[in-house]
Amino acid sequence: MQQIVLSGIRSTGNLHLGNYFGAIKSFVRMQHEYNCYFFVADWHSLTTHPHPGDLHANVKSVLSEYLACGIDPEVCTLYVQSDIPEIAEMYLLMNMNAYIGELERTTTFKEKIRKQPDNVNAGLLTYPVLMATDILIHKANKVPVGKDQEQNIEMARRFGKRFNQIYGTDYFPEPEGFTYAKNLVKIPGLDGSGKMGKSEGNAINLADDAKTIHQKVMKAVTDAGPTEMNQTPPEVIENLFKLMEVASTPETVAFYREQYAKCQIRYGDLKKQLSADIIQFTAPIRERILEIQSDDAYLAKVVSMGAEKARISASATLIDVREIIGFRKF
Ligand code: TYM
């Protein structure tokens, strides 16, 4: 059976290292191995009420950044979510089989209530239903995502299975989170807390210039340093090592880990090294982002080609789903 891959990124700001190492790095490889659908999740971005003046610019940024990272629109299907009206209809249908209780219990919803208590909209509550729809509408088997999306993939699996059960069919396959690494990846932020995120203010963006990256890394939270030989680093320091593990060579990581173990570490040196390695990695991507962003004709071609391809698959699924649910033509 042909394996179908799907994943998306919210257009809420620029792409950061967490997005790259958690997701896009896998996309770039997977596009040559599977039938891949990648998209800009602009409907999902509405949960935070973006200013109308920013909405299009954000979509354009994320799209250019996808392309700059090496997503090839000729090889995979790259589209903008809101260009596919079939998703909206299927979202309506899927909402009928999603229960308030299970939606209220999702970690991401609880987090959002904490972070934006003045804007707990219904779109936030049904966010996992829209995400499940994104996945199920192409009958995807594999969903390359970071660790933070694990529960959402679990929900997509549940909604697909429930649909199959209700209608006595095996129509939807069970999607699973995917990465080439051993486990789904979580890239930490620079502030010593959990994960790097667009809204956390702790991210290094792929489009950041060298000076910005250097300033951000040099400001990363550290502690007073190790006091005992071979002690386990606390989370703030382990986070810096984790960033090094994705941006630097294994030898560099081993060197600084050893310095730490021997209580000889100088955080200033570690940060300089880390910032230099991140800059070396992001500089060519940044250059391509700027080039692509100034080519509106190319971007227009990419999105129209993507929408055309994505709608073929989405409308075929929607026709089947309507039929399975019992809608008939007069
Ligand atoms: P979003 O836009 O928050 O993140 C996009 C992708 O980047 C990954 N990611 C990370 N991975 C590791 N460490 C981090 N610090 C980190 N930060 C972000 C995310 O896991 C994700 O893979 N709801 C989704 C978008 C979406 C989607 C979908 C994804 C909508 N529909 C269907 C997959 C399938 C989101 O907001 O991701």
Legend entry - Computed magnitude of the charge dipole of the stretch 210-290 (debye, nearest 20; Cβ of K, R +1, Cβ of D, E -1): 420 debye
Legend entry - J(HN,Hα) series, the stretch 316-330, from Karplus relation 6.51 cos²θ - 1.76 cosθ + 1.60, nearest Hz, glycine and proline x: 4, 5, 5, 4, 4, 5, 4, 4, 5, 5, x, 6, 10, 7, 7
Legend entry - Nonlocal amide H pairs with Tyr79, under 5 Å, H built at 1.01 Å: Phe38, Phe39, Val40
Inset, instruction - Arrange Ile100, Ile292 by Cβ neighbour counts within 10 Å, fewest through most, would you? - result: Ile100, Ile292
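Charges at C-beta only: +1 for Lys and Arg, -1 for Asp and Glu. How large is the resulting dipole of the stretch 2-79 about its Cα centre, in Debye rounded to 20?
That gives the stretch 2-79 a dipole magnitude of about 160 debye.
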Inset, instruction - With label points built 7 Å along Cα→Cβ from the Cα atoms of Asn164 and Val236, find their separation and express it in nm. - result: 4.8 nm
Legend entry - Estimated vicinal HN-Hα couplings, Hz - the stretch 61-78 in sequence order (Karplus 6.51, -1.76, 1.60; Gly, Pro = x): 4, 4, 4, 5, 5, 3, 5, 5, 6, x, 6, 9, x, 7, 8, 10, 9, 10
Legend entry - Ascending count of other beta-carbon atoms within 10 Å, so fewest first, for Leu63, Leu136: Leu136, Leu63
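Count neighbours as other Cβ atoms within 10 Å of each site's Cβ, and list the GluC sites (Glu not before Pro) in the stretch 145-251 that are DSSP loop with at most 11 such neighbours.
Answer in residue order: Glu228.
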Legend entry - Dipole-positive endmost among Leu243, Ile278, Thr222 within the stretch 210-290 (Cβ charges, Cα centre): Ile278
Inset, instruction - Could you pull out every residue, at least 5 positions away or on a different chain, whose amide H is within less than 5 Å of the one on Phe178? Hs are placed 1.01 Å off N in the peptide plane, and Pro or chain starts have none. - result: Val143, Val145
Inset, instruction - Before rounding to the nearest 500, sum -39500 (n - 2.57) across all DSSP H runs of length at least 4 in the chain and divide by the residue total; then give [θ] at 222 nm in deg cm²/dmol. - result: -17000 deg cm²/dmol
Legend entry - Sites Ser294 and Arg328 - FRET efficiency at Förster radius 35 Å, r taken between beta-carbons, to 0.05: 0.10
Inset, instruction - Would you be so kind as to identify which of Ala156, Thr77, Gln264 lies farthest towards the positive end of the dipole of the chain, taking Lys and Arg as +1 and Asp and Glu as -1 on Cβ and the Cα centre as origin? - result: Ala156
Legend entry - Cut-off under 5 Å, modelled amide H: who pairs with Gly192 long-range: Val221
Legend entry - Estimated FRET transfer efficiency when R0 is 30 angstrom, pair Glu245-Glu174 (beta carbons, to 0.05): 0.45
Legend entry - Among beta bridges that DSSP assigns inside the chain, antiparallel share in %, nearest 5: 10 percent
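Among Thr126, Thr222, which comes first, second and so on when ranked by fewest other beta-carbon atoms within 10 Å?
Values: Thr126 20, Thr222 17.
Going from sparsest to densest Cβ surroundings: Thr222, Thr126.
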Legend entry - Test item: Cα-centred dipole of the chain, Lys/Arg +1 and Asp/Glu -1 on Cβ, debye: 400 debye
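Grab the alpha carbons of the stretch 76-128, take their convex hull, and tell me the volume per residue in Å³.
119 Å³
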Inset, instruction - Towards the positive end of the charge dipole of the chain, with charges on Cβ (+1 Lys, Arg; -1 Asp, Glu), say which of Phe178, Tyr66, Thr106 has the farthest Cα. - result: Thr106
Legend entry - Nearest-ten-degree value, helix 235-247 long axis tilted from longest Cα axis of the chain: 70 degrees
Inset, instruction - Find the centroid of the Cα atoms in the stretch 151-227 and in the stretch 303-330, then give the distance between the two in whole Å. - result: 30 Å
Inset, instruction - Return, in residue-number order, each cysteine of the chain whose C-beta is not under 4.7 Å from any other cysteine's C-beta. - result: Cys69, Cys263
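No lab work stands behind these numbers, since they all come straight from the coordinates. Note that the structure is predicted; figures quoted are calculated from it, not measured. All Cβ positions, even for glycine, are placed from backbone atoms using ideal geometry, and neighbour counts span all protein chains on display.
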